[in-house]
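> Shown below is the structure under consideration.
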Amino acid sequence: MNKSIKATLLVIAGLIVLVAIAAAVVSFRGIPKYEAKKVDVKIDYTQARVENGVKLASMLCRSCHYNDQTGRFTGRELTEVTQFGKIFSKNITSHAEAGIGKWTDGELVSFLRTGTKPNGQYVPPYMPKLVHISDEDMNSIVAFLRSDNEWVKAEPTKQPECDPSFLTKLLTNIGAFKPFDYPQQYIPQPDTTNQVKHGEYIALYQLECYACHSKDFAKNDYLVPSKSAGFFGGGNKMFDMEGKPISTLNITMDKHSGIGNWTEEEFVKAIKYGTVPGNQPALRYPMTPYSNLTDKEAKAVFAYIKTVPIINNRVERKGVQ
Ligand code: HEC
Ligand code: HEC
């Protein structure tokens, strides 16, 4: 064999061994740990906060943490995110062992914002992080978790550990998925007298509509949402609970491929009750009806969406009869 071919083959063999070793390390190492940001807060669990927290949790936590069998937030297998592996949401009732009864307020706030648990374990995007939600809304969510609401009453049911896919391990090990920085400053409530600003807060920072409704989760800019690819133009491929693919729809004001012909009333009905104008079948999971939004809030979201740059992107609603 020619010397240079031999040398090339050796180099290739060496590379294959290196890649195999790297893959084995990633696989064995699993999802990396980080140092959890220490947050020193003691939240006042006022009645007003608990009420706001129940409302927020019904829209932000329930779809993943509610368990039909227990009727509480004891977690379930997330059959809609199998691309990430065999993933289970956790018991977040106040149970001391099975739930989060022993977590401090600061540990909860730190985890919900950054994605790093008190023990340093990082949770990839199969649990969304509340990067920009106001401090007041965050405090409300914690007040709810501490309340005697039926959803979070202590319950001993435990979920198995997650078994993340190789891809998830790889993406977390190369830093494509990593914790968010803890906010540097206090995040105030939105100005609710300014309808567009109020709607922007809900659609980008509180309920994060853009995260699902842009092009691709992987191309979202979670720090500056408006820089996300295909911002509000839909087409993001997701899965329903049976694991069947479902795409998000274009909700910019394009008259042909978006919702440019919708009235405010039609929009409010769609997001609160899942009904779509013109004899179309109701909206399906994971677009869960935001029935606890007030009409004022839903209208504010509409006012904001009207200011978003129009995108022409036709997305078929596959699988609807
Ligand atoms: C898209 C699904 C999803 C949503 C929405 C979601 N979670 Fe989670 N959550 C998960 C998964 C999956 C885990 C388990 C991750 C792990 O252990 O690696 C988890 C873990 C947690 C944990 C850590 C529990 C433990 O014992 O380790 C807490 C606390 C938590 N979630 C609170 C919340 C709260 C509060 C909300 C709403 C503001 C919420 N989650 C919304 C999927 C979700
Ligand atoms: C977890 C992902 C997710 C989130 C978050 C989400 N949506 Fe959706 N949305 C979807 C999916 C998927 C569909 C398509 C459902 C179908 O085809 O049945 C949809 C459909 C819609 C539609 C119907 C559009 C049409 O042309 O029929 C509207 C309007 C809408 N969403 C608005 C919103 C608003 C406003 C928010 C935030 C308050 C939001 N969505 C948050 C996933 C999401």
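The values are calculated or read from the model by the stated rules, or taken from the named source; none is laboratory data. Every value quoted in this text rests on a predicted model; they were computed, and no experiment measured them. Because the Cβ atoms are built from the backbone with ideal geometry, glycine has one as well, and the counts that use them run over all protein chains shown. Calculation scope for accessible area: heavy atoms of the full protein, side chains included, ligands and nucleic acids excluded. Shrake-Rupley method; radii C 1.70, N 1.55, O 1.52, S 1.80 Å.
> For the structure I just gave you, tell me whether Ala143 is surrounded by fewer than 22 Cβ atoms within 10 Å (Cβ to Cβ) and of a type in the set (A, V, I, L, M).
Spelling it out, it is not the case that Ala143 is surrounded by fewer than 22 Cβ atoms within 10 Å (Cβ to Cβ) and of a type in the set (A, V, I, L, M).
> Moving on to the next point. Kindly list the number of the only condition in (1) at pLDDT 95 or above; (2) open to solvent by 30 Å² or more (accessible area, probe 1.4 Å); (3) charged (D, E, K, R) that fails for Asp254.
(2)
> Picking from Val308, Val301, which residue would you name as being more than 10 Å from ligand 2 (Cβ to nearest atom), surrounded by 12 or more Cβ atoms within 10 Å (Cβ to Cβ) and within 22 Å of Gln206 (Cα to Cα)?
So the residue among Val308, Val301 that is more than 10 Å from ligand 2 (Cβ to nearest atom), surrounded by 12 or more Cβ atoms within 10 Å (Cβ to Cβ) and within 22 Å of Gln206 (Cα to Cα) is Val308.
> Mind listing whichever residues of the range 50-76 are assigned to a helix (DSSP H, G or I) and either within 16 Å of ligand 2 (Cβ to nearest atom) or of a type in the set (Gly, Ala, Ser) (or both)?
Scanning the range 50-76 gives Gly53, Lys55, Leu56, Ala57, Ser58, Met59, Leu60, Arg62, Ser63, Cys64, His65.
> Hey, another quick one. Of the residues that make up the range 176-190, is at least one among the hydroxyl-bearing types (Ser, Thr, Tyr), in a loop (DSSP other than H, G, I, E, B) and at pLDDT 95 or above?
Taking every residue of the range 176-190 in turn, at least one turns out to be among the hydroxyl-bearing types (Ser, Thr, Tyr), in a loop (DSSP other than H, G, I, E, B) and at pLDDT 95 or above.
> Checking the condition within 16 Å of ligand 2 (Cβ to nearest atom), in contact with a Phe, Trp or Tyr (Cβ under 9 Å, 6 or more places away or on another chain), open to solvent by 60 Å² or more (accessible area, probe 1.4 Å) and under 30 Å from Ile251 (Cβ atoms), which residue from Lys219, Lys197 passes?
Result: Lys197 is the single residue among Lys219, Lys197 that is within 16 Å of ligand 2 (Cβ to nearest atom), in contact with a Phe, Trp or Tyr (Cβ under 9 Å, 6 or more places away or on another chain), open to solvent by 60 Å² or more (accessible area, probe 1.4 Å) and under 30 Å from Ile251 (Cβ atoms).
> Filter the range 258-280 for residues that are in a loop (DSSP other than H, G, I, E, B) and open to solvent by 50 Å² or more (accessible area, probe 1.4 Å); which is nearest to ligand 2 (Cβ to nearest atom)?
For the range 258-280, the residue satisfying everything is Trp262.
A quick yes/no check of all residues on (1) within 21 Å of Cys212 (Cα to Cα); (2) outside any loop (DSSP other than H, G, I, E, B); (3) of a type outside the set (A, V, I, L, M):
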site: Ala48; (1), (2), (3): no, yes, no
site: Asn91; (1), (2), (3): no, no, yes
site: His95; (1), (2), (3): no, no, yes
site: Leu130; (1), (2), (3): yes, no, no
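> Say we look at the range 47-85 and pick out the residues that are of a type in the set (Ser, Thr, Tyr) and in contact with an Asp or Glu (Cβ under 8 Å, 6 or more places away or on another chain); which of these is least open to solvent (accessible area, probe 1.4 Å)?
Result: Thr74.
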